[in-house]
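Taking it in order: structure first as structure tokens, then the write-up.
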Amino acid sequence: MQLSTRHLLGIKDLNKEDISLILSTAAQFKEVLQRPVKKVPSLRDVTIVNLFYENSTRTRFSFELAEKRLSADTINFAASSSSAAKGETLLDTVQNILSMKVDMVVMRHSASGAPHFLAQHIPAAIINAGDGINEHPTQALLDAFSIQEKMRGLEGVKVAIIGDIMHSRVAQSNIYLLHKMGAKVTVCGPPTLIPKYIQQALGVQVSYNLQETLEWCDVANVLRIQLERQNQVLFSSLREYNIAYGISKKLLDSLQKEIVIMHPGPINRGVELDSDVADSKQSIILQQVENGVAVRMAVLYLLSGKN
């Protein structure tokens with residue numbers, strides 16, 4: 001089997017079969033990662049460039065590790081220490097890299113649509129590692145993989161996405177994916193951090209009451225407040241946000257059931273999640289990080305054409 005697309009630009013472009021194939025392939029690679037020898041020769045002689053125009057820790061390390069586990073040759077590019085800092089255009093940068101015979105490009109960029117632009121101009125396979133506030137497809141895939149592991153499926157699972165929905169590419173990719181796989185989605189946060197027409201545009205339920213949302217859901221995927229993307233004051237203070245929308249152990253213990261806590265990272269402890277929640281047995285945050293390597297191995301392998 002193979003994917004219906006040459007690139008991974010967004011979950012919006014994938015069908016249900018594509019998502020199922022990536023998740024099932026990730027399960028096979030997760031088994032590989034449990035072995036004493038974690039390396040396979042699947043992408044030997046494939047050259048991949050990691051093109052990061054934005055800061056990243058988890059996503060970048062996860063892709064680099066996935067590439068090494070698959071035996072690919074990798075080139076790491078950071079815009080701050082490259083000719084891009086001298087004014088070189090994105091297209092010129094990539095064409096120079098491609099002249100070195102690169103097969104795949106993993107790209108993070110602050111501009112929404114940057115990976116789509118590249119896909120129209122160069123022959124290499126493009127993987128979107130996050131573009132502006134548009135999409136972050138591999139994060140949604142690893143979130144879905146983690147939910148599927150914990151809940152034994154995605155169909156009918158009630159997922160609440162809580163926090164800064166307005167500026168979150170993770171929220172958008174998750175909503176697309178969860179709907180395609182039959183899950184139910186509610187977004188929750190302050191009215192100023194939820195897009196006005198999200199209910200009509202993306203078909204999600206909207207709630208401004210955290211307690212009611214947690215009582216409804218099976219899984220809470222909690223997002224951080226993205227102050228770096230906000231160009232105006234959208235709530236009074238981080239302390240006020242924590243009081244209204246922060247998840248504490250006391251709040252979780254007041255629920256009539258046990259729910260799963262997720263977070264794409266980085267966590268702002270004491271803002272959206274208290275430490276005793278982030279580190280509790282209900283949290284699968286570290287499992288998400290582990291699963292990210294297997295999911296990215298699956299995406300790289302399937303898009304390489306080697307399968």
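Brief remarks follow.
- Kirkwood-type radius of region 137-284, with distances r between different C-alpha atoms, in Å: 15.2 Å
- Burial ordering of Val222, Val206, fewest other beta-carbon atoms within 10 Å first: Val206, Val222
- Pairwise label distance in nanometres, Ser275 with Lys12, each label 7 Å out on the Cα-Cβ vector: 4.1 nm
- Comparing Cα centroids, region 22-82 and region 248-295 end up 25 angstrom apart.
- Placing one equal scatterer on every Cα of the chain and applying the Debye formula, the log10 ratio I(q)/I(0) at q = 0.07, 0.11 Å⁻¹ is -0.27, -0.66.
- Relative contact order [Cα under 8 Å, 6+ residues apart], the chain, whole percent: 21 percent
- Bridge type composition, region 1-124 - antiparallel percent by DSSP, nearest 5: 0 percent
- Antiparallel beta bridges, as assigned by DSSP with both residues in the chain, represent about 5 percent of the total such bridges.
- Legend: residue pairs Lys30/Lys184; Lys250/Lys281; Lys39/Lys306, Cα-Cα distance threshold 21 Å; pairs beyond threshold, Lys30/Lys184.
- Listed peptides 163-173, 8-18 by packing density, highest first (mean Cβ within 10 Å): 163-173, 8-18
- Extension reserve of the Ser4-Ile75 stretch, reckoned as 0.36 nm per residue once the Cα distance is removed: 22.9 nm
- For a paramagnetic label modelled on Asn96 (point 7 Å from Cα along Cα→Cβ), amide N atoms under 20 Å away belong, within region 48-70, to 48-55.
- Residues Lys101, Lys68, ranked from the fewest to the most other C-beta atoms within 10 Å, line up as Lys101, Lys68.
- Cut-off 14 Å (backbone N to label point 7 Å along Cα→Cβ of Ala111), residues of region 31-70: 53-54
Every read-out reported here was derived from the displayed coordinates using simple, explicitly stated rules and does not represent laboratory data. Worth saying up front: this structure is predicted, and the values here are computed from it rather than measured. FYI the Cβ positions are ideal-geometry reconstructions off the backbone, even for glycines, and counts take in every protein chain you see.
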